[in-house]
Amino acid sequence: EYEPGVYDFTFTEEGPCNTAECTFTITVIGPVTVECPEDQVLCTNDEPFVFGDFVFDPTEYEPGVYDFTFTEEGPCNTAECTFTITVLAAPVIVEQPSDISVLYGMNAEFSIVAEYVDAYQWFGPNGLIAGAEGASLLLEAVTLADQGEYYVQVTNECGVISSEVVTLTVNPWTQVIDLGGPVNGASTYLSLVEDDLATIFDPVMDDLQYVEFYQPNKVFVPGSLSFPFTEERGAKVGLKSGYPTSVTVTGYPTLGSIVNLPAGWSIMPVWSQGVVLAEDVFGPLGANLIMAVSIDYSGVYWPAYNIKTLEHLVPGNAYLVALGVAGTIDFDVPLLKATAPGYNSLPANKTSWNTVEMTGVQHIIAVTKDALAQLKIGDVLGAFNQNGMIAGMYEITERSSNIAIRIYGNEFTANNVNGFAEGDFLTFKVYRNGEIIDVTSIFDQNLPNTCFFTENGMSAIVGFKAEATSVNEFNADLVANLYPNPAKDFVTIETNFDIRNLKVVNYVGQVVLDRNIDQKGYQINTSTFGPGIYFVQIQTPDGVVITKRLTVN
């Protein structure tokens with residue numbers, strides 16, 4: 001009935017003689033009470049929880065549920081209260097991702113080991129990577145666009161933490177360009193990291209004669225001003241010694257499979273990572289392909305004469321290709337499982353003639369099976385320049401199909417005559433069982449170069465005559481002259497005979513003028529001709545064709 005407090009009481013007793021009293025105190029003590037905090041949910045990375053003198057540091061506890069009781073004892077009773085602290089785990093990265101270095105086009109995979117994670121999110125060079133929400137990040141067929149820095153964020157209800165930043169390095173490929181002999185084709189299917197010619201060919205610089213490109217025509221020789229290796233074109237590489245050897249280039253396979261080639265002769269690179277069939281690559285060109293020739297001695301692809309001794313196209317090599325009009329080459333064709341053919345050098349010399357010297361200046365002559373029928377198996381057909389030096393030979397091993405013989409011209413880097421000069425008359429001889437037979441060759445007049453040597457020239461022999469009289473002597477009474485030569489706007493043809501037919505053929509065999517004429521002499525307007533080498537074929541009333549070389553500036 002009393003509130004806690006102190007109460008004083010006095011008792012009094014009155015008697016006849018006196019009055020007595022006493023005083024006492026009653027202290028009323030209330031029950032003790034205790035107050036607890038509300039239940040708490042803390043993360044292992046939170047600040048300590050403080051309640052009065054009570055301090056709870058979650059960083060010192062494992063994740064779990066912890067119950068606490070506060071007790072207060074009084075003289076009359078004991079009071080207590082209970083509360084709960086739940087400790088949740090913050091995300092923890094146990095194993096960080098690592099830097100990766102991988103070749104272009106290969107797969108790369110980053111991974112992380114983490115605990116107490118509800119969600120992952122990866123980030124790359126361009127920010128958040130959509131869908132990359134796992135403990136690992138797989139990048140398939142990496143490109144240069146994938147190169148850069150990566151990290152991952154791991155998340156749960158306690159927050160977000162980020163991994164260390166790691167780097168993906170996309171490395172270039174390496175391609176070895178084999179140089180197997182004195183004259184080589186060289187190309188790459190890589191977009192080069194280092195394209196300086198002097199740097200690329202520095203390992204073979206002491207043996208290097210030249211590196212030559214067509215369209216545009218450029219030549220590098222040791223000591224000259226260097227320029228970039230053009231991946232869109234192949235090159236002709238001449239070595240004076242030290243072969244077989246090789247150079248190595250590095251780059252990325254980003255060029256694709258389509259090679260654009262101009263009209264006329266060019267040097268085609270091989271944009272393929274493996275050996276392919278020449279027929280697969282050249283077949284789709286149809287009639288636009290005039291000829292394709294290996295720069296070494298491995299073969300000729302000449303559809304017009306059904307000559308297809310060039311069977312394989314090899315990465316790192318390059319090939320001379322003549323097109324009628326500009327066109328495209330597609331190397332997206334099946335790769336062969338066969339190993340790449342090696343360098344093909346000239347066949348062994350089985351004659352008493354001097355050894356032919358292979359140069360980078362070539363003229364291709366088809367010999368038809370009708371012409372071969374006039375020869376014997378084992379015969380060696382040789383082509384001689386005006387100095388009597390052999391500069392091309394072919395041993396007859398079969399006569400059932402057309403063949404191609406290569407004849408070589410003087411190398412522009414050579415100080416001596418090692419082949420034909422431009423415009424030389426082509427003289428042929430046959431070596432048979434130790435006997436040398438002079439022959440007169442009958443040429444197909446529909447080809448541009450007939451019986452005169454021209455770099456990248458094309459001729460065809462359709463027959464032979466074993467006789468002493470040469471073509472020049474046989475036609476000694478026929479006179480045909482061109483002037484001015486070189487020409488610019490016009491050229492005059494002066495003859496001592498009536499001209500029946502007049503043709504002008506460019507250096508890839510295209511007829512640019514064809515007229516029937518019945519008069520001595522003629523003037524041709526050359527202002528519409530492009531600069532270059534042309535061949536004027538002048539036919540007499542008796543059907544004799546005289547071919548003259550014309551230069552138009």
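General observations
- For the stretch 314-455, the share of alpha carbon pairs falling in successive 10 Å distance bins from zero is 10, 35, 34, 18, 4, 0 percent.
- Summing charges over neighbours of residue 258, with a neighbour being any other residue whose Cβ is under 15 Å away from its Cβ, gives -4 when K and R count +1 and D and E count -1.
- In this rough spin-label picture, where each label sits 7 Å from Cα along the Cβ direction, the residue 433-residue 288 distance is 5.2 nm.
- Among the GluC sites (Glu not before Pro) within the stretch 347-439, those in coil by DSSP and having at most 13 neighbouring Cβ atoms inside 10 Å are 398.
- Simple Cβ-charge dipole of the chain, Lys/Arg +1 and Asp/Glu -1, about Cα centre, in debye nearest 20: 7840
- Neighbourhood net charge (11 Å Cβ-Cβ; Lys/Arg +1, Asp/Glu -1) for residue 152: -2
- In terms of surrounding Cβ atoms within a 10 Å radius of their Cβ, 187, 163 rank from fewest to most as 163, 187.
- The charge dipole of the stretch 174-330, taken about its Cα centre with unit charges on the Cβ atoms of Lys, Arg (+1), Asp and Glu (-1) only, comes to about 380 debye.
- Simple rule: put +1 on each Lys or Arg Cβ and -1 on each Asp or Glu Cβ in the chain, find the dipole, and look at 135, 217, 270; the Cα lying farthest toward the positive end is 217.
- Look at the dipole of the chain built from charges on Cβ: of 24, 37, 325, the Cα furthest out on the positive end belongs to 325.
- Where no second cysteine Cβ lies under 4.7 Å, the cysteines concerned in the chain: 17, 22, 76, 451
- Of the trypsin sites (Lys or Arg not before Pro) in the stretch 164-264, the ones in a loop by DSSP (not H, G, I, E or B) with at most 16 other beta carbons within 10 Å are 240.
- Inter-centroid distance (Cα atoms) of the stretch 476-501 relative to the stretch 361-381, Å: 31
- Inter-part distance where the stretch 113-141 and the stretch 296-321 are each reduced to a Cα centre, Å: 51
- The trypsin sites (Lys or Arg not before Pro) of the stretch 366-400 that DSSP puts in a loop, and whose beta carbon has at most 16 other beta carbons within 10 Å, are 376.
- Each peptide in 271-284, 74-87 receives the mean, over its residues, of other Cβ atoms within 10 Å, and ordering these scores from highest gives 271-284, 74-87.
- Residue-averaged 222 nm ellipticity for the chain, from DSSP H runs of 4+ at -39500 (n - 2.57), nearest 500: -500 deg cm²/dmol
- The residue 118 and residue 69 beta-carbon pair, evaluated with R₀ = 35 Å, returns a calculated FRET efficiency of approximately 0.60.
- The Cα center of the stretch 508-553 and the Cα center of the stretch 16-38 differ in position by 143 Å.
- For the chain, the Rg and Dmax computed from alpha carbons only, in angstrom: 47.0, 194
- Full-stretch length increase - residue 1, residue 349 - with 0.36 nm per residue and alpha-carbon distance subtracted: 111.4 nm
- With the convex hull constructed from alpha-carbon coordinates only, the stretch 1-84 shows a mean projected area of 8.2 nm² over all directions.
- For the chain, the number of Lys pairs separated by eight or more positions or lying on different chains, with C-alpha atoms closer than 21 Å, is 16.
- Peptide packing for 146-157, 381-392 was compared via the average number of neighbouring C-beta atoms within 10 Å per residue; ordered from the highest value, the list is 381-392, 146-157.
Each value in this text was obtained by applying a stated rule to the coordinates, not by laboratory testing. Predicted, not measured: the structure shown is a model, and the values here were computed from it. Ideal geometry is used to build each Cβ from the backbone, glycine not excepted, and the neighbour counts take in all protein chains shown.
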